[in-house]
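Take a look at the structure set out below.
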Amino acid sequence: MFGKKKQPPIKSLIAHGTRIEGNVLFHDGLRVDGEVVGDIRASDAQPSILVVSETASATGQIHADHVIINGAVKGPVFAYDLLELQPKARIEGDVSYKSLEMHQGATISGQLKPMAGGLEEKPPLKLAANNG
C-alpha cells in the first residue's frame, strides 16, 4: 500500500495449542496463534504490531498501534494507528481505531469509535523524516 511506515519486527509468538491466563505486555511485535485470557497490551515506548491469527482467541482488552485480527476477540480493541480486520475476524466488544481496514466477512458486535485526539490516543510519534 502507499505511505506505509516500516513495521516493527514480530519477536514473540503465543503458539497454537498454548493458553495464557493473565495479562500480556509486549514490545515491538506479537503474534497470537493460541489462546489468551487477559489483556494484551503493547509497550508505549515504541511502535507496535499485534497479530491475532485465524486459529487464535483472545478474551480481554487489546491495546497496540497496529492490530491485525483474523481470529476471535471478546473485549474492547484499541488500535492507536491501524486496525486490520481480515475475513475471519470476529470481535465481540467496542473497537477504537485511528484507521480501519475491514475485509468482507469480518464481524464486529459492538460500537466503532474512531479516535480523533481523545484521551485514549497516545501522543503522536515524531518521525525523523518530518524534520519538525
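Each peptide in 33-45, 104-116, 83-95 was scored by the mean count of other Cβ atoms within 10 Å over its residues; highest first, the order is 83-95, 33-45, 104-116. For the range 1-59, the share of accessible area belonging to carbon and sulfur comes to 53 percent (1.4 Å probe, ligands and nucleic acids excluded). What's log10 of I(q)/I(0) for the range 1-58 at q = 0.26 Å⁻¹, Debye sum over Cα points only, no solvent? After summing over all Cα pairs, the log10 values are -1.05.
Quick one: accessible area per residue over the range 38-113, 1.4 Å probe, rounded to a whole number of Å²? Ligands and nucleic acids excluded, the result is 41 Å² per residue. Sorting F78, F26 by solvent-accessible area of protein heavy atoms yields F78, F26, largest first, with a 1.4 Å probe.
The values are calculated or read from the model by the stated rules, or taken from the named source; none is laboratory data. Computed from a prediction, not measured in an experiment: that's the story for all the values here. Every residue, glycine as well, gets a Cβ built from its backbone with ideal geometry; the counts of neighbours run over all protein chains shown. SASA here: full protein model, heavy atoms, side chains in, ligands and nucleic acids out. Shrake-Rupley method; radii C 1.70, N 1.55, O 1.52, S 1.80 Å.
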